[in-house]
Each structure stands twice: as C-alpha cells, then as structure tokens.
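The values are calculated or read from the model by the stated rules, or taken from the named source; none is laboratory data. Just so it is clear, the model here is predicted, and its values are computed rather than measured. So basically every Cβ, Gly included, is an ideal-geometry build from the backbone, and we count neighbours across all protein chains shown. Side chains are part of the model used for accessible areas, which takes the heavy atoms of the whole protein and leaves out ligands, DNA and RNA. Shrake-Rupley method; radii C 1.70, N 1.55, O 1.52, S 1.80 Å.
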Amino acid sequence: LTADKYPNIKRGDFGKINDEDINHFSKILSPNQLITDSNDITGYNQDWMKKYIGQSKLVLKPKTTEQVSEILKYCNQRKLAVVPQGGNTGLVGGSVPVFDEIVISLASMNNIRSFDQSSGILKVDAGVILENADNYLSENGYIFPLDLGAKGSCFVGGNVATNAGGLRLLRYGSLHGSVLGLEVVLADGTIYNSMHSLRKDNTGYDLKQLFIGSEGSLGIITGVSILCPARPKSVNVAFLGLENYEQVTKCFQKAKSELGEILSAFEFMDKDSQLLAAQTLKTTHPLCQDDIEGIESVPEYPFYVLLETSGSNKEHDDIKLEKFLEDVMESEIVVDGTVSQDEQQLKTLWTWREGIAEASQQFGGVYKYDVSLPLDSMYKLVESVKERLNELELSSTEDNKKPVYEAVGYGHIGDGNLHLNVAVREYNKEVEKALEPFVYEFIESHKGSISAEHGLGFQKKNYIKYSKSETEINMMKDLKKHYDPNGILNPYKYI
Ligand code: FAD
Ligand code: S2G
Ligand code: ZN
C-alpha cells in the first residue's frame, strides 16, 4: 500500500531534499552513513509485512547522539520530514515513510554503554538489537525484562518507542516501569538526557514517560537506561490442550493462584492458529492425534495454552508445576498436555506460539488486530469476525478464489491482549470494509483498546477515538505541537 493508495492523504508542505541538503548531511556524516541508491533504500521503504511502502530518497545512519542532534536541527530549519527507524519490525506501518520522508536509521548506534553488576542497570544505545542485549545480560546472570518474537531484529530503542509488551509482560511488567532513563533528541536538536541509574527519582515531571510509546512522534530515542532482573535459573514450559475458551480463562486463574510467583508467561492459541503454524513449521504438533502415515500432524484440540514458569530452584518449581498440572487435569480444565524436558524442547514448544506471526502471511498478506479486551469476551471477537467473513462469503481455506484464508486468534492472556490475524491471499478493499470499523466498534462496545501493544503507527492513526476521549486526544495534540511545532517527526501517523 503506497501513499497514492490513500486518496485522503496529501503530502504535507515539507521541504524537498536538494543537493545542498545532501552536502550538508555529508559534512555531518561519513559517506557510508548516507544511502541514496534506490536499490539499497528499498528495505528501509517497506515494513516487515511488506504492506506499507514509502518513497524515501535518503536514509541517514548516524553513529552518535551529536550527529542525530545536528541532523534534526537542520531538518527542523529546512522543514524536512523524517521517520526514525529501528529494526523495522513494527506492525502498524509506523516505521516506514508515507511519502518521501528521510529515514533516520538507528542501526549504527549499537553500543552497550555500561552495565552495573550489582544493581542490574543496563545502559545501551538505541540501536542495540534486543536479542544482543539479552545475550550480553545472560553472560552476567541477568535477563532483559522484555521478550518478543522479533527479538532477533528489533532494537531496544524501537521497543521503548513502541512501548512493546511481548511475551513476558505478565512477569516483568511494562517498559514504563523498567525504563529508568532515556536520552532523546528533540525536533530542534535539543538533547534530553535522563540516563541516570536511580531506581527512584521523584523530582518533577517524569519526562521519560512521554517518549515511551511515542512512536517517533516527539523525539528520537538515542539511549536507554533500564533495570534488568536476575536471570531465572529454572525455566519450564507446559503446552496444554483445552476444550473451549472458558477453560482457558479458568486455567489462567488457576495458574495465577498456584504458580503465582514463578509464572512468567501465559499465552493462548486457537486451533486455527495452530493449523496455520503447522503449514510453515512442518514439524509434528506437540499435541496431536498419533501421526497417521503421510498425514501432516493435525492439532486436535480447540484451544491451546503455552504456560511458562521461571524460578530460582528447579526442584521447587517442578513440584509446584506438577501439582498444578494434576489439579487442572483432574478438574478437566485441561484435557491433554506436555512439559518441556530440556532446552531444545522448550524452544520447540515456543515456536508453536511465536511462529504464528510468520505463518499468518504465508498466503500473501495479513490484517492484524492487536487489541485489549476483558478476558471473558476476548474470543467473541474472533468468533464474530469468522462469522462475518463467512456470511459475506469472503473466507475459505479450500477455495483459493476467496480473498481470506482464515481468521485466527491467539495472544497474551495474562495481559488481556488478543492478536486477531486475518490471513489473506491478497489485500482487498472488500475485506477491509468487512473488518473496519467492525473490529474497532466491537472493541469500543466492550470498552477495550484498539491497540494493546503494537501502537497506532499509520494503520490506526484515525482510530484512536475508539479508545481515547476528545480531551485526551487534544492534550496529546498540544504536546505534539509543543515538542514538534513543524510536525517533522514521523508525520501522517499516531495521533
Ligand atoms: P521499528 O519497527 O523500526 O519502529 C517502530 C516505531 O517506533 C516507528 O514508529 C518508529 O518511527 C519508532 N522508532 C523506532 N526507533 C525509534 C527511536 N530510536 N526513537 C524514536 N522512535 C523510534 N510487539 C509487541 O509489542 N509485542 C510482541 O509480542 C511483538 N511480537 C512481534 C513478533 C514479530 C514476529 C514481529 C515481526 C513483530 C512483533 N512485535 C511485537 C512488533 C515490533 O517488533 C515491536 O513494535 C518492536 O518494539 C519494534 O521495534 P523496532 O526496533 O523494529 O522498531
Ligand atoms: C505476537 C506479533 C505478531 C502478530 O506474536 O505476540 O505481538 O502476528 C504479536 O501480531
Ligand atoms: Zn504480542
């Protein structure tokens, strides 16, 4: 989808890049930090889903905060629009240009600045890849308080900019709690720096909170100071089969009361999400009827739960988990289950949850809805979307003339966060009209949020009103006007 696909979006009255601009940037950066060749720019112009395509003619890759400051100061004077870009794994079209905005990539700002072994406080450049930060911490007996399927590509700065939730928010909380300080360059080049190492600092407005989840609209995050917990010594994963969604919520309640302090993840997946994953993972599903010669392993239960415990003593954890599993099997909340026996099995079980993202777009594309809903009504949204697509005869797993392959539901039960993915064979106006604003109206009527963790970006810019009041939206617009009066930071998105 390129800008000309959105008839009601006009390019703002921003400057157009000229040779003088390129000369100016060449004085700030060395030649390999400017990309102008159209082939090399392609990857920066399209998002992870290859759904949003921009037309930037220039990518800048600063190595230092001062270079970011110099660049923004100049862009602000010239009213050149910019898109800050991290690992470009965002799922709402926020990380790529809409028109010809300059892409400012943090990829070259990837140093670990410091780590304090006793407090567990880590300070990194914004361009450090999440998995690299966690590997570094692992060598020091600590863990990054965030994990998500894109860990191998997303950057810590992008995680903070999107206030990413991920698979372990249930255990480690939100970045609003674990981030201690930030270094951010504002639109006019001012450098805001609160990169201290204090757990508590109650002196004035907590300014860093403004930038956590601001998606590049208020400033470019160049540094993050974050409090990391001790790495758990013992991790177990149980993969469970359940008869219906109500049992999933009952199982969650039981897990909270019986595993409380060692529970580190509680994810649910419906059968259709597992059928999708089975087609890309091409390995035997952990819980399926015995393999019949030549028949792909087919998941047999309507719902699945991936439950993870992380503790400091394997023996104690195993006793607690065994007791829990006995209880949920006896009370028939769970009808089948398997527990990881080693690191490899643990990773394999996780692929049946983390692989759904990739699997959702194997037929050509995906419409994603990352929403918060009250637990009891959460799966009703998936059921009503399936029903609606069938009534409109838009969906079939067999007939590949239908635009929709299947709608699947899965997500972070512990956070009340559903991922509804509508796997399609092509992006199609009919399908879009069937889904929007239907999904957003459902969310509003159930007092949920239209974006639980992926943010607003470009996809949801016009839908914030389904989750925020006019007063709140006006206060946000005032902030945006104050910090970015020329509107050069990530225009056309967010609010
Ligand atoms: P990008 O995609 O590059 O940018 C995202 C947004 O932040 C854009 O608006 C961009 O302008 C802005 N931005 C990036 N860097 C900066 C910066 N330094 N300063 C200011 N603004 C910046 N998200 C979740 O929350 N939970 C999940 O469980 C999850 N799972 C995922 C699984 C997969 C397989 C994939 C592909 C994505 C998943 N995501 C998830 C979405 C995405 O990974 C997160 O939003 C992630 O935090 C984005 O980081 P990034 O570095 O790729 O940012
Ligand atoms: C997840 C990202 C992938 C998707 O897997 O938890 O946040 O498909 C999601 O939405
Ligand atoms: Zn998620």
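Under a model in which nothing but the beta-carbon of Lys, Arg (+1) and Asp, Glu (-1) is charged, segment 361-454 shows a dipole of about 120 debye around its Cα centre. With unit charges on the beta carbon (Lys/Arg positive, Asp/Glu negative), name the residue among Val382, Met49, Val124 whose Cα is farthest towards the positive pole of the charge dipole of the chain. Among Val382, Met49, Val124, the one farthest towards the positive end of the dipole of the chain is Val124.
Protection proxy ranking, highest mean first, for peptides 365-377, 36-48, 405-417: 405-417, 365-377, 36-48, where packing is the per-residue count of other beta-carbon atoms within 10 Å, averaged. Where both bridge residues fall in the chain, DSSP classifies roughly 90% of the beta bridges as antiparallel. Each Lys and Arg Cβ is given +1 and each Asp and Glu Cβ -1; about its Cα centre, segment 112-227 then shows a dipole of about 260 debye. Ligands, DNA and RNA are left out, and with a 1.4 angstrom probe the accessible area of segment 112-227 is 38 Å² per residue.
Computed over the Cα atoms of the chain, what is the ratio Rg over Rh, Rh following Kirkwood? That ratio is 0.97, to two decimals. To the nearest 0.05, how large is the calculated FRET efficiency for Glu430 and Asn135 if R₀ is 51 Å and r is the Cβ-Cβ distance? For R0 = 51 Å, the calculated efficiency reads 0.65.
Compared with the alpha-carbon gap, the fully stretched path from Ser396 to Arg199 is longer by 65.6 nm at 0.36 nm per residue.
Summing +1 for each Lys or Arg and -1 for each Asp or Glu among the other residues whose beta-carbon sits under 12 angstrom from that of Cys251 gives -3.
Its Kirkwood hydrodynamic radius, worked out from the mean inverse distance over all distinct Cα pairs, puts segment 361-454 at 13.3 Å. When all protein chains stay in place and ligands, DNA and RNA are ignored, the 1.4 Å accessible-area order of Asp125, Asp116, largest first, is Asp116, Asp125. Highest-first packing order for the peptide set 99-106, 340-347 is 99-106, 340-347, based on the mean count of other beta carbon atoms within 10 Å. Among the listed pairs Lys200/Lys465; Lys250/Lys433; Lys429/Lys465; Lys10/Lys465; Lys320/Lys386; Lys16/Lys433, those with a Cα-Cα distance over 30 Å are Lys200/Lys465; Lys250/Lys433; Lys320/Lys386; Lys16/Lys433. Ordered from highest to lowest accessible area with the whole protein assembly present and a 1.4 Å probe, Lys461, Lys323, Lys481 read as Lys481, Lys323, Lys461. Report, for segment 361-454, the % of DSSP beta bridges that are antiparallel, rounded to 5. Antiparallel bridges make up about 95 percent of those DSSP assigns within segment 361-454. Shown is the FRET efficiency for Asp19 and Glu66, computed with R0 = 25 Å from the Cβ-Cβ distance and rounded to the nearest 0.05: 0.55. Toward the positive end of the charge dipole of the chain, with +1 on the Cβ of Lys and Arg and -1 on the Cβ of Asp and Glu, the farthest Cα among Val185, Val298, Val235 is that of Val185. Note on exposure: Phe14, Phe211 ranked by accessible area (1.4 Å probe, complete protein assembly) read Phe14, Phe211, with the most exposed listed first.
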